[in-house]
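Engineer: Quick one: this structure, given as structure tokens, is what I'll be asking you about.
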Amino acid sequence: FVEDPATEHQAIFWIELAADGLFAIDIMLNFLTAYGDPQTKRLVVDPKKIARNYLKGFFFVDIIATFPFGLVLSNPAIGLTNKVGKFGRLPKLLKFLRAAKLLKLMRLQQFILRLETEYNIHHGVARMVKVISLVFLVTHVVACFFYLIGLSGGNDDEDGGWIYREMYHDKPVASRYVASMYWAFSTLTTVGYGDISARTPQEQAFSMMMMLTGVSWYAIIVSSMSSIMSTFDAQNKAIRDKMLSVNSFVRSAKLPLPLAQRVRSYFEFRSSQRTFLMSDHFNADALLEELGSALRTDILLHLERDLISKIPFFGGKVPQFVADTISMLQPMVFQVGDTIVREGSQADEMYFLVRGRATVLYGEKEVLTIEAGSYFGEIGCIMGGIRRASIKAVTVVELQ
């Protein structure tokens, strides 16, 4: 917000020149930066292949965005403005070539995608950045056109363009830009305070078009932001929906309070242990089934690394065996006094005690206490038949 016009124009000139310089450095770096081959999934480091790939991609876009139109148009030695001055407003229109720098934003999608994939940025955050960038880009373009219409509407203080009516022609460029952005935001969001109004036919026609655009624009932005915000809470929403279903089942079955509490505790425990599977957007088990055996093994060993470390049985076993066994485990929780295994029942499951203590009963006699890290039921699971003993939880017991 510099008051002196000469100083202001000089500052803008040097800012544009610095931006052009940074863009030029970016072009040079792109000729020296390796890229990933989508066919072989390998990093290409050959300079000739890098240059060929860049020339086929964003090179010409970057060249147009980097060309110093501001320097060329304002340099008296070149005299381009004087040569085309006889064409009326053509010199002013040539200044719009500076907008070519906005072409750099074509690479924003690619940049955000890289952040999302390489740095594990939440998809909702990436979408929000894209929506906000689009909002500011569209608003900037609308503001620039509104400013241009204000300049072309005449310099009369009463009936001229809004720049002159609102006495902005003597204000710094920054103030004029803020005023244009303010009008664009208030119009596109259908607020329209009216302090900067449209009076000339050109301004009125443009305002009507922007009002019509703003109705759909506002709806699109609101729906997009609502969709984005819902992705941040997808996991908790899935858990809440599951617990609502459990509560509905408990009420419909008219379970007694102690039994209902046990059912709720069981599902709450399962939700807390398998939250990475709870999502409205994907089925983790189905995704894992589609993967190759080696990749699925690595993922399962990573996801269940804490559980594997708590079960000594898996120590020294080959990774494929551990992963296959882990994929068949189901988390369970039992409260104090609950019967885990009942004597005389069918023996078709094996259990790993991850947390807590349990006792083995022959009839009514306690013969053994088992601790975390133990496993039981393997003989009946292998040989079949019926259980020869009961097992009860002494503390809160977590099983797999």
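The values are calculated or read from the model by the stated rules, or taken from the named source; none is laboratory data. Since the model is a prediction, treat every value here as computed from it, not as a measurement. Neighbour counts are summed over all protein chains in view; Cβ atoms, including those assigned to glycine, are modelled from backbone coordinates with ideal geometry. Quick note on the areas: whole protein, heavy atoms, side chains included, nothing else; ligands and nucleic acids left out. Shrake-Rupley method; radii C 1.70, N 1.55, O 1.52, S 1.80 Å.
Engineer: Looking at the range 340-400, which GluC sites (Glu not before Pro) are in a loop (DSSP not H, G, I, E or B) and have at most 12 other Cβ atoms within 10 Å?
Structural biologist: Qualifying residues, ordered by number: Glu364, Glu371.
Engineer: Working out 0.36 nm times the residue gap between Ser227 and Asp170, then minus their Cα-Cα distance, what length gain in nm do you get to one decimal?
Structural biologist: Residue separation times 0.36 nm, minus the Cα-Cα distance, leaves 16.1 nm.
Engineer: Okay, next question. Positive end of the dipole of the range 276-400, charges at C-beta (+1 Lys, Arg; -1 Asp, Glu), about the Cα centre: which of Ser390, Ala347, Ala323 has its Cα farthest in that direction?
Structural biologist: Ranked along the dipole, the leading option is Ser390.
Engineer: Okay, next question. Filter the trypsin sites (Lys or Arg not before Pro) in the range 19-66 down to the DSSP loop ones having no more than 15 other Cβ atoms within 10 Å, then list what survives.
Structural biologist: Sparse-neighbourhood loop trypsin sites (Lys or Arg not before Pro): Lys41, Arg42.
Engineer: Still on this structure, please answer the following. What are the trypsin sites (Lys or Arg not before Pro) within the range 306-376 that DSSP puts in a loop, where the Cβ has at most 14 other Cβ atoms within 10 Å?
Structural biologist: Here the trypsin sites (Lys or Arg not before Pro) that fit, given the DSSP loop and packing criteria, are Lys317, Arg342.
Engineer: What is the distance, in nm, between label points placed 7 Å from the Cα along the Cα-to-Cβ direction at Phe13 and at Asp46?
Structural biologist: 4.7
Engineer: Expressed as a whole percentage, what fraction of the accessible surface of the range 118-251 belongs to carbon and sulfur atoms when a 1.4 Å probe is rolled over the protein heavy atoms?
Structural biologist: Carbon with sulfur: 64 percent of the solvent-accessible area.
Engineer: Now for a different question. What is the sum of charges, Lys and Arg at +1 and Asp and Glu at -1, for the other residues whose Cβ falls under 9 Å from the Cβ of Ala179?
Structural biologist: Net local charge, Ala179 excluded: +1.
Engineer: On to the next question. Evaluate E = 1/(1 + (r/R0)^6) for Ala24 and Ser245, where r is the Cβ-Cβ distance and R0 equals 56 Å; express this FRET efficiency to the nearest 0.05.
Structural biologist: Between Ala24 and Ser245 the formula returns 0.40.
Engineer: Let me ask something else about it. Using the alpha-carbon centroid of each, what span in Å lies between the range 351-367 and the range 136-164?
Structural biologist: Using only Cα atoms, the two centres lie 82 Å from each other.
Engineer: Please give the net charge around Asp157, taking every other residue with its beta carbon less than 10 angstrom from that of Asp157, where Lys and Arg add +1 and Asp and Glu add -1.
Structural biologist: -3
Engineer: May I pose another question? Provide the FRET efficiency to the nearest 0.05 for the Arg264-Asp306 pair, computing r from the beta carbons and using R0 = 25 Å.
Structural biologist: 0.50
Engineer: A further question on this structure: For the range 136-222, I need the span (max minus min coordinate) of the C-alpha atoms along each principal axis, in Å, sorted largest to smallest.
Structural biologist: 38, 26, 19
Engineer: Is there a pair in Lys317/Lys365; Lys49/Lys130; Lys130/Lys237 whose C-alpha atoms are over 28 Å apart, and which pairs would that be?
Structural biologist: Listed pairs above 28 Å: Lys317/Lys365; Lys49/Lys130.
Engineer: Also, I was wondering about something else. Leu257 versus Ile64, label points 7 Å from Cα toward the beta carbon: distance in nm?
Structural biologist: Simple spin-label model gives 7.4 nm for this pair.
Engineer: Could you tell me how far the Cα centroid of the range 9-54 sits from the Cα centroid of the range 240-265, in Å?
Structural biologist: Taking the Cα centre of the range 9-54 as reference, the centre of the range 240-265 is 60 Å away.
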